[in-house]
Amino acid sequence: MYVPHRYEEKDKDTLRAIIRENSFAILVSVRDGRPLATHIPLLLEKDAEGRDILMGHISRGNEQKHTLTDGARILAIFPGPHAYISPRWYTQINVPTWNYISVHLYGTVSIIEGDALRQALIRLVDNYEHFLPRPVRVEEIPDQLFEDNFRGIVGFSILIEEWQAAYKLSQNRDAVSYHQVIGQLEQGDDTARAVAAEMKKRNNP
């Protein structure tokens, strides 16, 4: 990913937080020179050695499964909040642009099966259900239904080896423009307000 220095984010805790908040990722690999991509949730965890890994699974009917082999290199993209920025929000008219956060993670695949995959699925469900008023436990899913679906997936982990992150948040603008952009974004939708919130955290100019 092209990341100008002023937009580069290297703090791992910051990146872990944005990944957890935006965990519906794009998994990218190549088969016979043809790029393949799947939109799936990826759970950020630690392995037994304390290293950052991603846990996930795809359907056995998905062509991309052929690229998911032990030792294969893969890219996971986590798009964060993003919003259009109008030139009228600056102190002087400039070109329109887009503010955004995006994290790219490169890593090595390991296939997981059996009980390790079952436990990964339980953690994945718990991760999203525990916010709900009446969270569902995997144990509540009928055994046959679970087994039928379990046989239809390919599970994997990705050992993260390279982190790239762009936090393009008007860092190149003057202080007045920066805060005017925040004010305009705060009047927008949830995604725009999320961008404004990230800008307020940084308060760059």
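How much length is gained if the chain between residue 116 and residue 70 is pulled fully straight, taking 0.36 nm per residue apart and subtracting their Cα-Cα distance, in nm to one decimal?
Working: separation 46, 0.36 × 46 = 16.56 nm, distance 1.54 nm.
Additional length available on full extension: 15.0 nm.
Each part reduced to its alpha carbon centroid, the stretch 156-180 and the stretch 77-149 end up 18 Å apart.
Which order do the peptides 58-65, 6-13 take when ranked by the mean count of other beta-carbon atoms within 10 Å per residue, highest first?
On the way: 58-65: 14.9, 6-13: 12.6.
Taking the mean over residues of other Cβ atoms within 10 Å, the ranking is 58-65, 6-13.
Estimated from helices alone, the mean residue ellipticity of the chain at 222 nm is -8500 deg cm²/dmol (sum of -39500 (n - 2.57) over DSSP H runs with n ≥ 4, per residue). In this rough spin-label picture, where each label sits 7 Å from Cα along the Cβ direction, the residue 171-residue 63 distance is 3.8 nm.
For the stretch 5-172, what relative contact order do you get, as a whole percent, if you take Cα pairs closer than 8 Å and at least 6 residues apart? Intermediate results must be reported in sequence, preceding the final value.
Working: 294 pairs, mean separation 49.7, N = 168.
Dividing the mean separation by the residue count of the stretch 5-172 yields 30 percent.
Lys-Lys pairs in the stretch 5-172 that are eight or more residues apart or on separate chains and whose Cα atoms lie under 22 Å of each other come to 4.
Computed from the C-beta positions of residue 14 and residue 37 and an R0 of 22 Å, the FRET efficiency is 0.30 to the nearest 0.05. Extending 7 Å from Cα along the Cβ direction at residue 202 and again at residue 144 yields two label points whose distance is 5.4 nm.
Taking square-rooted eigenvalues a ≥ b ≥ c of the alpha carbon gyration tensor, is the chain rounded, prolate or oblate, where a/c under 1.5 means rounded and, failing that, a/b exceeding b/c means prolate? Verdict is prolate for the chain.
All of the numbers you see were taken from the coordinates with simple rules; none came from a lab. Quick caveat, the model's predicted, so the values are computed rather than measured. Don't worry about glycine lacking a Cβ; one is built from the backbone with ideal geometry, like all the others, and counts go over all protein chains shown.
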